[in-house]
Each structure stands twice: as C-alpha cells, then as structure tokens.
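Reading through the structure tokens given below for one structure.
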Amino acid sequence: MSKLEWKPTDDAYTFVQGFYYDFFEKSDRQGVEWDWRANTQPIGQTQYTGLVDAKVRSTPALVTWDTTNKLWSLQSGGEYTLFDRDELSFNALYGVGKFSDPTSQYRTGFDATATGDTRLAYTYDFHGDNENFPVRTLLDETAYNDLSLYGALPGHRYWGSDNTETTLEAKIDYRKPFDIGTGDFAIKFGVKASNTKREQDQDWVDYDLNSDVPLSEYNLGLFVGSTSFTLPTGTHNYPLWITDQNAIQGYFDAHPENFTARASSISNSIVDDFTVEESVYSGYVQAEYEAGPFEFIGGVRYEKTEEKSTGFRPTTDTADDDGFVSISDSNSYDNWLPRALVTYDLTSGLVAKASVSKSVSRPSYYDLRANKSTLRYDPVFNTASITGGNTDLEPRTSDNFDISLEYYPKWVDGLFSVAVFRKDISNEIATPRVTTQGVIITPTPDGAFTFGGTGADAVTVDLTESIPINLDTYKIEGFEIGTVLNDLSFIHPTLGFLGASANYTYVGSDATVTRSGGDTRKLPTLIGQPENIFNASLFAQYGKLEARLAYNYQSEYLYTLSGSPADDDIWNARGIISAQLRYNLTDHLIIQARSNNLTGEPIDSKTGFGNFRQERDSGTLHWVGFTYQF
C-alpha cells in the first residue's frame, strides 16, 4: 500500500493511495469413500451392527486446490474547511478483486459391485465411542490391499471458478455549524453512489479413461506415493495410500490420447456462470447538538438499490446446441433508515447512551444470481439436487434499540461497560436444504435430470432443493459486558507496558420459520450467530515492539438451515488463540507477523441430532509482511 498526502494549509488536505494484495495457497486432500450399490441391504442388521457382503466400491481420491486471491484499489479523498467553520469532505474509490480456485481431482476405484462379488465385504459396528464413526472390518484384506485392482473411476476431473468483482463509488459530505446560544448545533448532509459488478466463470471438465486402456497400464499401484497412513480408531482402520499427483498427472500429460473429455461436462462449465450488478444511490441529513453533559445525533438516510443479474438455465430446445438458454432478472427497492443517539454524562466518569435506528443488509451477490434451476444427478449416491439464486430477494432489515453505561475510572486508563440491546429483524436470508425422499426422475446425458419417467431409465432418488429465500420476522435480545485496560500499572508500576481487554456477549433469539406445509419450527439459534461469544486479549507495547495475544470463544450455532431439524448443520463450540507482533524497524519501515488458530483447533460440526459428525482440520495460518511509509 502506498499513500501520497498533500496539506498546503491547515484548512486543506488531499490524499491519493493505492493498495495491492496477492495471496496464493495450495492444499491437498487425500480421502477414501466407501459405498454399496443400490438395492443392497446389510445382512443381519441390528441397531448398531451389520454385514455388507457384496456390491461394494472403495474409492481413494486426491483433490488439490490452487487458490489465488488478488485485490487492488485506487482511492482519493480530501477534507477542507470553508468559511472558517464549514467542513467539506469527499472520497472516491475504484477497486478490483479477483479470486480463482482451480481444482484437480484424481479418483481411482476398486469396483467390486457385480452381483455376488464379495471381495470388499465388511462388517460395521456403531457401538460405544463409534456411535458417529462406525468401525468397518473387512472379511478379507487381500483384495483391498492389491493396488493393481484400483482403476480409473472415472479418471480425471478439473474444475474451478474465476470470480471478478469491480467496485466504483464516490461520496461527498458537508457539515455546517450554527450559533444558537444554548449549545453547539450543526447540520450534516451528504450523497453517495456506488456500483458493484460480480462475474463468475465456472470451468468443469471430466476426462474418462478409454475402455481399451488395460488395468495393468493405469492403476493406483503405479501412482501411489511411498507413504500411507491410517485414520484414528473408528471409520477406517486400513492403510490410506497417498496418491502422487506428479505421477498421475504426468501420465495424463504424456498420454492424452488415452482420455476422452466427457461431452456432458460442458454443461457444468455453463450452468454456474453468472453476472450480478448492484447500484446503490443514497443521501442523508443529520442534526448534531451538544450542550454541557448532553449530546444528540439524529437523522435519516434514504437508499435506492437497483439489482440485475444474468445467467443460464437448462433447456430441452434442440436449437440450443449447448442445452442452455440465457436468462436475466432484476429487482429494485428503497429504504428509509432513521437513526438517533443520545449521550449523557451522569458524572465525570459515568456515561449513559441510548440509541434507536433502522439498518439494512443486502443479499450476497451469489444469492442474487439469476440461475434458478441447476439440476444435477449423482449416480454414485443415487441423489438429485436443485440449486440456484433468487434475484427477487428483499434486503434484511433490522429495527435496533440499544442502552449502555460506560464507566471511565480515574485509577486506570480504561473503561468498563454494560449494554442491553434488542433487534426486530425482517426478511432474514437463508438457503434451507429441503430433502424429499422417493422422487422419480429420469437422468439425462448432461448430468442433469427431468422429473418423472417410466421404464429402465427412471430412478427413485432423494431430492434436495437449495434456493435462498427470505424468512419470517423475528427478534433477538441480549446484553454485553466488557472492559478495556490500556495499562496494568495499577497492579504494579512495572506493568505499565501491558494492557488487557475482555468482552462477553449473550444473544438470545425468538426465531421461527414457516415451512411449505404452513407449519412453523423454532430455530435453535440465528443462522450463523452463536448464543454466547467471549473475547479476551493481552497486549503490550515495549519501545518499538507491539504484541497481542487473543482468545475467541463461540458456542454452537446453526450453520445451515434445512427443511427438517434432523438435517440442519450445527457448528459445535470452538475456541481459538491468535497472536500478532509488530516492530517499527525504522521511522518508515514496520515489520508485522500474525498467527491465527495457534492450537490448530478444528471445526467440528454435526447434522441435526448428531447422527452424522464431521471434523475439519482448519490448521494454523501464519502471515508475515511489512509496511513502508514514504
């Protein structure tokens, strides 16, 4: 980041600054999938145990991500004093963000799915500590450990998306004070215009190994690395081999004639492409009054929002060679957003505040995409899904009420605070997953499907629909207590370079959702909002060195809403520790280092009533950089 400032007089200030950020990350995930074919039922099944004796598939898979995130912006602004008292300010910004995540998947599989093929037969046991992750025990390990039996399934898959977001905005503010004799009074007003355009280009292609390539030429044994590992007790107690990406990709590069691009994968490169453009025009007027211990700030803001989106929808029209037709949709709305804040100094160190306001939060660009019917069929798990966006979404609005007390003691540089709040929220946005069992569909060659059908091509599946919608009106109430101590010299004079802070927030909700049948269900928490949040930090400044150690705790919360509580995604409670260092090497050069999640705390989630649990290793992120000021 570079910044150029110009201040010819005390009444004029102008700046121009540029910002550039480039982030790259590479990650690999090696896993194995076990599944049995349709119409196969366990033998001797009990509540906890059973035997799957035939038609089993084991699929090792290596998935690699190359994530790139680039941001750059150019910004200019200024502040000027006019007529000795009036204040004029402006700000203009142009920014571009680019995100890409090209992904490669290499799947090999041991397909013992023919009728009577028992080479991968196994028993499973959910007893004791394995209630969520069953122990599988193979009846015979010989075939499982023969890597020459694992062929291409289906082979190679390459997918990913390129996202570009461009923003242009400008605003002007003017503040004019008045002499009224009983206090300080001023009027402030301004206008702002912004335009943001989000474009997503999805790429997806599947390569199938040609049927004339013998298993002896392409099998997992030729591409496995020298290492393997075994997962913790439960789940999978057999070796998990590490696929060598260079070897398996090298074969693909050296023998392209042995692979055929699947024509149906063209649809996957089109169906998720979209463009969303959002323009917001706003203006406000605000009054400011201060007299002795009393201060008032109040006003109203008007915002006009215009949204439009283009995308693609599957079609059966034979005139469309790629099977898709371009679609577009638009929406517009306006909002009046009043706000008032009253502050009163009860004593020299005790301040009371009360506020009332109305705020608005717009849908994400992904939720606003015009694509409304992405239909996909998964023959491996025999499931179907419908996903899409909703340009007609209304913004989330909230009527906010807050009361707080702040105490600034004389014996320490710091404060103690307590606050209560209430928010009446309308049009909350969520993307519930609603699953319907026993739906008859007919798969199509492009990987999608049509509803209904008869004969051998028709299948019965579990159908999951995921479309963003506006939810009902609900309210949240809670309180917050906190403290900031900028130095700890009141404990001992030698601790003056140390400081500390702590904050606890409770958020209680009364949220219900009306389902398609007309009945309602109460949500355990707000979507994405823990009920209990605690933050604490210890910070120090010693000469040119600044350091901070922080802890954050969040209780469990609803992450994804589904049609039934049994299918909701719940993220369990999690606490992470982070650290940050900053050193002023010179008057112009600053070295910075940051580490997030020092203990490597994983993300642990459960589905519904805990019948399915998943643990994701989020790792520890270390970051080092520098800032140079000219």
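The values are calculated or read from the model by the stated rules, or taken from the named source; none is laboratory data. Treat the numbers as computed from the prediction; the structure is a model and nothing was measured. Cβ placement follows ideal geometry from the backbone for every residue including glycine, while neighbour counts extend to all protein chains displayed. Heads up: the accessible areas ignore ligands, DNA and RNA and are worked out on the full protein's heavy atoms, side chains in. Shrake-Rupley method; radii C 1.70, N 1.55, O 1.52, S 1.80 Å.
Using only Cα atoms, what is the ratio of the radius of gyration of the chain to 2.2 N^0.38 Å? Please report the intermediate quantities before stating the final value.
Working: Rg = 29.9 Å, N = 630, 2.2 N^0.38 = 25.5 Å.
Cα-based Rg divided by the globular estimate yields 1.17.
Return one whole number: the accessible area per residue of the chain in Å², for a 1.4 Å probe. Could the numbers behind the result be given before it?
Numbers: 33800 Å² over 630 residues.
Accessible surface, normalised per residue, equals 54 Å².
For a straight C-alpha distance cut-off of 18 angstrom, the lysines reachable from LYS475 (same-chain residues fewer than eight places away being disregarded) are LYS358, LYS423, LYS522. Counting only protein heavy atoms and a probe of 1.4 Å, the accessible surface of the range 16-84 is 52% carbon and sulfur. For the range 60-76, putting each phi into the Karplus relation 6.51 cos²θ - 1.76 cosθ + 1.60 with θ = phi - 60° gives couplings of x, 9, 10, 10, 10, 10, 10, 9, 10, 9, 10, 9, 8, 8, 10, 9, 9 Hz, in residue order, rounded to whole numbers and with x for Gly and Pro.
What's the angle, to the nearest 10 degrees (0 to 90), between helix 245-254's Cα axis and the longest principal axis of the chain? Around 60 degrees separate the two axes.
Given 0.36 nm per residue, what is the gain on full extension from TYR506 to LYS3 after removing their alpha carbon distance, in nm?
Additional length available on full extension: 177.0 nm.
Sequence-ordered 3J(HN,Hα) estimates for the range 86-92 from the Karplus curve with 6.51, -1.76 and 1.60 and θ = phi - 60° stand at 5, 10, 10, 9, 9, 7, 9 Hz, glycine and proline given as x. For the range 471-482, putting each phi into the Karplus relation 6.51 cos²θ - 1.76 cosθ + 1.60 with θ = phi - 60° gives couplings of 8, 6, 7, 8, 9, 10, 9, x, 9, 9, 10, x Hz, in residue order, rounded to whole numbers and with x for Gly and Pro. Only protein heavy atoms count here; under a 1.4 Å probe, PHE497 has an accessible surface of about 80 Å². Electrostatic tally near GLU477: other residues with Cβ closer than 14 Å to its Cβ, Lys and Arg +1, Asp and Glu -1, net -3. In nm, to one decimal, how far is the ASN195 label point from the GLU87 one, both placed 7 Å along Cα→Cβ? Distance between label points: 3.1 nm.
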